[in-house]
Amino acid sequence: MAKKKAPLRVLMTFSEVAPFAKTGGLADVAGALPSALRELGCDVRIVMPFYNRFVEKIAKKKLSLENLLVPLGSQMLAADIYYVRLDDGVVVYWIRRDEFFDRSYLYGTPKGDYFDNFQRFTYFSRAVLALCPEVKFKPNVIHAHDWQSGLVPAYLKHLYGTEEYWAETASVFTIHNIAYQGQFAPELFSLTGLPANFFSMDGMEFWGGINFIKAAIVCADVITTVSPRYSDEIQTKDYGQGLEGVLQANRSRLFGILNGADYKEWNPETDPHIAANYSRQNLEGKSICKLDLLREVQLPERLMNRPLLGAISRLADQKGFDLLAVVLDKLVAQDIGLEILGIGDDKYHKMLTDVAHRYSEKVSVELKFDERLAHKIEAGADMFLMPSRYEPCGLNQIYSLRYGTVPIVRATGGLYDTIQPFDPVRGQGVGFRFDKYEPESFWRALTEAFAFYEQPETWRQIMQNGMAMDFSWKSSARQYLDLYEKALAGKEKAADSGQEAADSRQQTENRRQ
């Protein structure tokens, strides 16, 4: 009888995980992908910082071990390790060191990043590898995410890889947004404990400074991004943020896997936050949700028969708000409604507040994060705006499809991969897309959508096309599983090559003697 294959052991490192701590889409991925991998038979564990003010409130944590000594430069700093097993079987470990993680925010205040983010996340990365032997979890794969975990692949390759415990562990690194790279002053390098020659053009040096993302790119066995299109885009000067050459040099290890949607959280058939549940087969509840949203944001009920546009976003140039600023007066001159939820740059806070004041019968702006209202907007709006300059994946356009809220997006990154433009001849397509990042192109997409909105049967078809799409995590998780196997195979091949080289050197030495 064949021996049953042991489950693949995967350790995932995140700086934020929903529902424990969240600033954006990274936390949503962290809250969903491990569970999907668990369903495929993996033994998945998560490591994240213990943000006291966030985690303490909702986590039924248990102490795993006290005073785990973690190096930071010449110091050994102790951490306490807590854990919880979630309902889906995934184990979460928290690294607790209050001077680093007991903060009012995760990465910085509204005035800027925390001055010691280098120390905080260098310590976190080092602690990830220090805790595994202590909790008796030997991963086959460590999957690190974004710059905050960027040193994990570097430590695995340059400090721990020669140890027997880690010799067969492969590393995978996912870039969620290459604009955020973890760049720091060069004089901090000694605190990493990495070999001096790693601060070089072939290592983590970047224009004279330190770059955590670059460290991960050159060290990880496999590199991924969060959509196929984005993996191509970041190899170009327009999108690579200075790292396009490094990515091109490592393109044989670079793959794009689209983020999935958590349909347990985002499903109009079961959503507890919305006024009425509805489905692709029965859309009656959507009009109830629209009326509820209008009342919630104090827009007039006469907009029930007009297009209601929604946006849930960080208010920044990257998200296309500079384009929206140009067309805004022309947009509100139409007989439409507009609801915007989010926070971001002060210039957009002021602009949108002014517009909402001048056009109070058409525009409502909520400058905050509000999960409940986000669900109401997805259910109640007719159209969803995402005119992003770049968008690694995007999730709200995927949520919008499931809620029958038609996306209007720019053709970039995951927006390109997920939103097929509507073709009235074939009756196919799920939204409206524009290519050039310019106000005129954005406006043409808006007016095209408005024209189809006036054709109820066609509009219903666009809605139902979108609601039929399936972007659940199962498919993406299987792709990650394939890449884990690829990373492990590459690790074994490299080990075999290394052994062959060592044997060859020994044979040469023997002949010399």
Checklist entry - Can you find a residue in segment 174-184 that is open to solvent by 40 Å² or more (accessible area, probe 1.4 Å), touching a strand residue (DSSP E or B) at 6+ places or on another chain (Cβ under 7 Å) and not charged (D, E, K, R)? => result yes
Next on the checklist: From the list ARG372, ARG426, exactly one residue is open to solvent by 10 Å² or more (accessible area, probe 1.4 Å) and part of a helix (DSSP H, G or I). Which is it?
Outcome noted: ARG372
Checklist entry - Which helices (runs of 4 or more DSSP H) sit wholly inside segment 67-179 and have at least 1 residues that are out of contact with any Lys or Arg (no Cβ under 8 Å at 6 or more places or on another chain), among the charged types (D, E, K, R) and touching a residue at least 12 places away in the same chain (Cβ under 8 Å)? => result 98-101, 117-134
Next on the checklist: For segment 49-96, give me each residue that is small (Gly, Ala, Ser) and open to solvent by 40 Å² or more (accessible area, probe 1.4 Å).
Outcome noted: SER64, SER74
Next on the checklist: Would you confirm, using the coordinates I've provided, whether LEU37 is in contact with a strand residue (DSSP E or B) (Cβ under 9 Å, 6 or more places away or on another chain), at pLDDT below 95 and open to solvent by less than 50 Å² (accessible area, probe 1.4 Å)?
Outcome noted: no
Item to check | Enumeration of residues in segment 188-205 that are free of Cβ contacts under 8 Å to residues at least 60 places away in the same chain, farther than 21 Å from GLY242 by Cβ and in a helix (DSSP H, G or I) | outcome: ALA196, ASN197
Item to check | Exclusive hit being surrounded by 20 or more Cβ atoms within 10 Å (Cβ to Cβ) and either touching an Asp or Glu at 6+ places or on another chain (Cβ under 6 Å) or over 22 Å from ILE234 (Cβ atoms) (or both), set ALA468, ALA449 | outcome: ALA449
Next on the checklist: For LEU395, only one of the following conditions fails: (1) touching a Cys at 6+ places or on another chain (Cβ under 7 Å); (2) among the aliphatic types (A, V, I, L, M); (3) open to solvent by 10 Å² or more (accessible area, probe 1.4 Å). What is its number?
Outcome noted: (1)
Checklist entry - Could you give every pair whose Cβ atoms fall below 7 Å, whose first residue belongs to segment 12-30 and is free of Cβ contacts under 8 Å to residues at least 40 places away in the same chain, and whose second residue is of a type outside the set (Lys, Arg) and open to solvent by less than 20 Å² (accessible area, probe 1.4 Å), counting only separations of at least 6 or pairs across chains? => result ALA18/ALA27; ALA18/ALA30; LYS22/GLU16; ALA27/GLU16; ALA27/VAL17; ALA27/ALA21
Checklist entry - VAL365 fails exactly one of the following numbered conditions: (1) among the hydrophobic types (A, V, I, L, M, F, W, C); (2) in contact with a Leu (Cβ under 7 Å, 6 or more places away or on another chain); (3) in a helix (DSSP H, G or I); (4) buried (at least 21 other Cβ atoms within 10 Å of the Cβ). What is the number of that condition? => result (3)
Next on the checklist: What are the pairs with Cβ atoms under 6 angstrom where one residue, in segment 275-303, is free of Cβ contacts under 8 Å to residues at least 40 places away in the same chain and the other, located anywhere, is β-branched (Val, Ile, Thr) and surrounded by fewer than 20 Cβ atoms within 10 Å (Cβ to Cβ)? Sequence gap at least six, or different chains.
Outcome noted: ALA276/ILE288
Checklist entry - When segment 97-106 is examined, which residues are found to be at pLDDT below 95 and open to solvent by less than 60 Å² (accessible area, probe 1.4 Å)? => result ASP102, ARG103, LEU106
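The values are calculated or read from the model by the stated rules, or taken from the named source; none is laboratory data. Given the structure is predicted, the values throughout are model-derived calculations rather than measurements. With ideal geometry, Cβ positions are generated from the backbone for all residues, glycine too; neighbour counts draw on all protein chains shown. Quick note on the areas: whole protein, heavy atoms, side chains included, nothing else; ligands and nucleic acids left out. Shrake-Rupley method; radii C 1.70, N 1.55, O 1.52, S 1.80 Å.
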